[in-house]
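Presented below is the structure to which this report refers.
The values are calculated or read from the model by the stated rules, or taken from the named source; none is laboratory data. Predicted model only: the values in this text are computed from it and were never measured. In this analysis, Cβ positions are derived from the backbone assuming ideal geometry, glycine residues included, and neighbour counts consider all displayed protein chains. With ligands, DNA and RNA removed, areas are computed over all heavy atoms of the protein, side chains included. Shrake-Rupley method; radii C 1.70, N 1.55, O 1.52, S 1.80 Å.
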Amino acid sequence: IRSREEVSYSRVITKSGYYQIQVKLGNALVQGLGCSYPQVAAVLMPGMTTAGPCSQWQSPAHFRVIGGAIDPKNCRAFGPGLKNYAIPGQGFEGTSFLLNSMDTFGNVRMDDDSDLFQLVVTSEVATTLFGEFTATTTPGELEGKYAQVVAGINNVMILTGGQQIFGSPFTVDVEPGEPYYLSSKVTGNGLFFARKDSPAGLVLKIGRAHV
């Protein structure tokens, strides 16, 4: 407090979410000056940040605490793309999973962090795939997607800032796709000649939509 006309109020917020500040003098709403707690970035609506320099706001002020820096140890990923699966068919476009972006305090971050995570898939045949993340409609939630069309054991790695998140790498066993007529073959003498009352020999090798 620097004068009788100025009142200072502080509160440490370590929980991400939506907040409102309302200051009244009598029945009149007044203006204020706000600075964010350095480890938990706050954004005034619309688009003003309270971090360096501090921002003027008109009461009532609505703001969003997006959370602190991403902590890989607190991030969690789950869904079918991190479990064993069989390639369903020729039109297979990929599998997906969900990722919760978390900060050091264990808060779900209230921002689009899709550009801050990397998705890398390696397989037994030394192929490397790069998936992508997109933000969902749920705050702090991202959808990861990749299309592995080679059967075998795969390692799915999720990284942020060069570090793997909790549980990464995930081991995923990909089974071959369903039988597919273009990659299936029939051989044997029964294709060329046959004798009456004698069995003809045929061998069917079933191909898959993906190997």
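Side notes on the structure shown:
- Set Leu82, Leu29, Leu99: member being at pLDDT 70 or above and surrounded by fewer than 15 Cβ atoms within 10 Å (Cβ to Cβ): Leu29
- Once region 102-123 is narrowed to residues that are among the β-branched types (Val, Ile, Thr) and touching a strand residue (DSSP E or B) at 6+ places or on another chain (Cβ under 8 Å), the residue that is least open to solvent (accessible area, probe 1.4 Å) is Val121.
- Checking each residue in region 4-18 for being over 16 Å from Leu33 (Cβ atoms) and either at pLDDT 75 or above or β-branched (Val, Ile, Thr) (or both) picks out Val12, Ile13, Thr14, Lys15, Ser16, Gly17, Tyr18.
- Just one of the listed residues (Phe63, Phe133, Phe78, Phe117) is touching a Phe, Trp or Tyr at 6+ places or on another chain (Cβ under 7 Å) and either small (Gly, Ala, Ser) or under 14 Å from Val172 (Cβ atoms) (or both), namely Phe78.
- Residue match in region 130-143 (condition: touching a residue at least 40 places away in the same chain (Cβ under 8 Å), surrounded by fewer than 20 Cβ atoms within 10 Å (Cβ to Cβ) and farther than 21 Å from Gly67 by Cβ): no
- Among all residues of region 79-88, there is at least one that is assigned to a loop (DSSP other than H, G, I, E, B) and under 30 Å from Leu202 (Cα atoms).
- For region 89-103, a residue qualifies if it is assigned to a loop (DSSP other than H, G, I, E, B) and over 16 Å from Leu159 (Cα atoms), and the qualifying residues are Gly89, Gln90, Gly91, Phe92, Glu93, Gly94.
- When residues of region 146-171 are limited to those that are modelled with pLDDT of 95 or more and of a type in the set (Val, Ile, Thr), the one surrounded by the fewest Cβ atoms within 10 Å (Cβ to Cβ): Thr171
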